Amino acid sequence: GAGVSQTPSNKVTEKGKYVELRCDPISGHTALYWYRQSLGQGPEFLIYFQGTGAADDSGLPNDRFFAVRPEGSVSTLKIQRTERGDSAVYLCASSLKSGANVLTFGAGSRLTVL
Amino acid sequence: EDQVTQSPEALRLQEGESSSLNCSYTVSGLRGLFWYRQDPGKGPEFLFTLYSAGEEKEKERLKATLTKKESFLHITAPKPEDSATYLCAVNPNSGYALNFGKGTSLLVTP
């Protein structure tokens with residue numbers, strides 16, 4: 001596609017529920033990143049994929065967070081047993097390759113945990 | 001530990017009033033420094049990449065410069081449409097992710 005597409009744009013859920021957020025990167029981009037942005041803060045790195053594999057998942061806050069990219073294109077961020085502190089905008093970005101390359105961001109998925 | 005500090009947190013300018021935003025960084029080897037613009041409700045939009053000290057890049061009313069310890073985003077004769085949050089990020093040699101600062105929220109009034 002022309003840009004990075006993220007769905008849903010908004011998600012409201014209850015504490016303890018399971019949530020999936022989807023990212024469709026720019027066609028041909030092999031690197032994919034997930035970030036989390038809280039109000040008034042800069043984006044915080046979560047995980048980075050090169051192709052199908054998670055090359056760096058050091059930013060995932062705990063084992064409730066998991067992400068997959070089974071075919072090297074679309075990625076899904078999965079959050080189990082959501083907590084109110086998980087409320088944030090989850091941003092996805094892709095780049096042509098890894099390294100000091102330009103990341104193109106999607107508009108984000110705003111998650112609200114009640 | 002890699003750190004990115006942006007100042008000021010917020011800046012209000014009159015239209016036409018030039019100013020500079022600062023990004024100080026500490027990183028164990030810099031692969032690149034990035035500036036992004038973010039409008040409310042949208043993802044960050046790429047502006048510039050700088051790779052080495054002394055490098056400068058320009059785009060319309062914006063000019064980015066880089067030293068070994070900091071980067072400046074100079075805004076010349078800003079217009080209200082320049083109002084946004086400006087984010088600085090570093091890509092260290094040790095990894096592939098960008099480490100972002102908290103951003104500077106810029107408001108340009110007519």
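The values are calculated or read from the model by the stated rules, or taken from the named source; none is laboratory data. Values in this document were obtained by computation on a predicted structure and should not be read as measured data. When we count neighbours, we look across all protein chains shown, and the Cβ atoms used for this are built from the backbone with ideal geometry, even at glycine.
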- Item | Odd one out for A:THR30, checked against (1) modelled with pLDDT of 95 or more; (2) under 26 Å from B:VAL90 (Cα atoms) | (1)
- Query: Among the strands (runs of 3 or more DSSP E) confined wholly to the range B:59-110, which include 2 or more residues that are surrounded by fewer than 15 Cβ atoms within 10 Å (Cβ to Cβ)?
  - Reply: B:104-109
- Note on the structure: By residue number, the members of the range B:67-89 that are within 14 Å of chain A (Cβ to nearest Cβ) and either under 17 Å from A:LEU39 (Cα atoms) or modelled with pLDDT under 95 (or both) are B:ALA84, B:THR85, B:TYR86, B:LEU87, B:CYS88
- Item | Checklist (1) basic (Lys, Arg); (2) under 16 Å from B:SER19 (Cβ atoms); (3) at the interface with chain A (Cβ under 10 Å from one of its Cβ atoms) applied to B:LYS102, failing item | (2)
- Would you mind listing the strands (runs of 3 or more DSSP E) fully within the range A:1-83 where at least 1 residues are touching an Asp or Glu at 6+ places or on another chain (Cβ under 8 Å), away from every other protein chain (no Cβ under 14 Å) and surrounded by fewer than 14 Cβ atoms within 10 Å (Cβ to Cβ)? A:75-79
- Among residues of the range B:9-49 being away from chain A (no Cβ under 13 Å) and under 14 Å from B:ASN99 (Cβ atoms), the residue modelled with the highest pLDDT is B:SER24
- Message: Cβ contacts < 6 Å: first residue over 21 Å from B:LYS42 (Cβ atoms), restricted to the range A:70-92; second residue polar (S, T, N, Q), any location; separation 6+ or different chain. Result?
- Response: A:GLY72/A:THR52; A:THR82/A:THR13
